[in-house]
1. Sort through Gly150, Gly160, Gly179 and tell me the only one that's outside any loop (DSSP other than H, G, I, E, B), modelled with pLDDT under 95 and outside the structural domain of Leu32 (by TED's automatic domain parsing).
2. With respect to the numbered conditions (1) without any contact (Cβ under 8 Å) to a residue 24 or more places away in the chain; (2) among the polar types (S, T, N, Q); (3) not in a helix (DSSP H, G or I), which one is the sole condition not fulfilled by Asn142?
3. Could you tell me whether any residue of the range 216-239 is assigned to a helix (DSSP H, G or I), of a type in the set (Ser, Thr, Tyr) and modelled with pLDDT under 95?
4. Of (1) crowded, with 18+ Cβ neighbours inside 10 Å; (2) at pLDDT below 75; (3) not polar (S, T, N, Q), Phe17 satisfies all except one. Which?
5. Which count do you get for residues in the range 189-200 that are under 15 Å from Val131 (Cα atoms), in contact with a Lys or Arg (Cβ under 9 Å, 6 or more places away or on another chain) and in a helix (DSSP H, G or I)?
Amino acid sequence: MKFRNLCRLVVARTAIFAMTVLPCLASEVAVLKNGFTIQHERREVVGEVTRLYVNKDGASFVDVPTTEIDHYEAGPELTAASSLPPFAKTAKDGAPGASNIAPGFPARPKTDLNQVVNEASDHYRLDPDLVNSVIKAESGFNVRAVSPKGAQGLMQLMPGTAAQLGVPNTFDAQQNVEGGTRYLRELLERYNFDLVKALAAYNAGPQRVEQFGGVPPYYETRAYVARIVRDFNKKKTAAKKTSGATATTQKAAAGQKTSPKAGTTASKSQSATSQMRASASKPAGN
């Protein structure tokens, strides 16, 4: 009898010990100065940006300017034996960032965002670099981002706008990008492909753009437009440098005489608005 009781005691203590050493799968939340949040597993500083790894194997990450990060908060913690459903966690009422994570939104299979952006951009005849720049400014590539005003998802669609665009689920990456890209195309057509006005309308609404005859005198809107145009032009400049270097290499490999100015075409890049008029002049959907 004593031996049996001793065995039970050992088993009980072993079980308790096992529960205390279960690994804790902790994540962290970066709270940006614009109010958005990005949940990640780990981070590292790379130059002037902070790289936030959104999965454990490091295959997916988001680069955010370090100066745009306000602070970090502890993310949700689950033990390896947890049976909780894979729902997005929300901060407690009144906690910082509580309104910026979609409550109770179920986890979805991994989505190839590049493919989603390319398909939507191709359908509406927009440059995918522009769409990516808008997504970066709007949500920091956070599929579940919710602004204090209620804008949702990657391209931050307001519920009313989403309904008009036929987007039933703003937290679905494909639906959100499809709707946001369509809306951006409509705004570009409305303002004769003036990218600055279209972006201002995307941020502040067409009514404000028409009221002030251009970009409204709001710091937030002007900073928003400047940020996207700068990021878009930076992408095009980098692409032209790469293209010029590739052309020079191909000429050298073919034994042709190259110009001493080869590879400097990036310095002759057009303005963002001119590029948009050139790339988006065809009717959408054709």
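The values are calculated or read from the model by the stated rules, or taken from the named source; none is laboratory data. Since this is a predicted model, take the numbers as computed values, not measurements. Cβ coordinates were reconstructed from backbone atoms using ideal geometry, including for glycine residues, and neighbour counts include every protein chain displayed.
1. Values: Gly150 fails: outside any loop (DSSP other than H, G, I, E, B); Gly179 fails: modelled with pLDDT under 95.
So the residue among Gly150, Gly160, Gly179 that is outside any loop (DSSP other than H, G, I, E, B), modelled with pLDDT under 95 and outside the structural domain of Leu32 (by TED's automatic domain parsing) is Gly160.
2. (1)
3. Kept after step one, since they are assigned to a helix (DSSP H, G or I), are these residues of the range 216-239: 219-239.
Narrowing further to those that are of a type in the set (Ser, Thr, Tyr): 219, 221, 224, 237.
The next check asks that each one be modelled with pLDDT under 95; those that pass are 237.
There is at least one residue in the range 216-239 that is assigned to a helix (DSSP H, G or I), of a type in the set (Ser, Thr, Tyr) and modelled with pLDDT under 95.
4. (1)
5. Residues in the range 189-200 being under 15 Å from Val131 (Cα atoms), in contact with a Lys or Arg (Cβ under 9 Å, 6 or more places away or on another chain) and in a helix (DSSP H, G or I): 3 in total.
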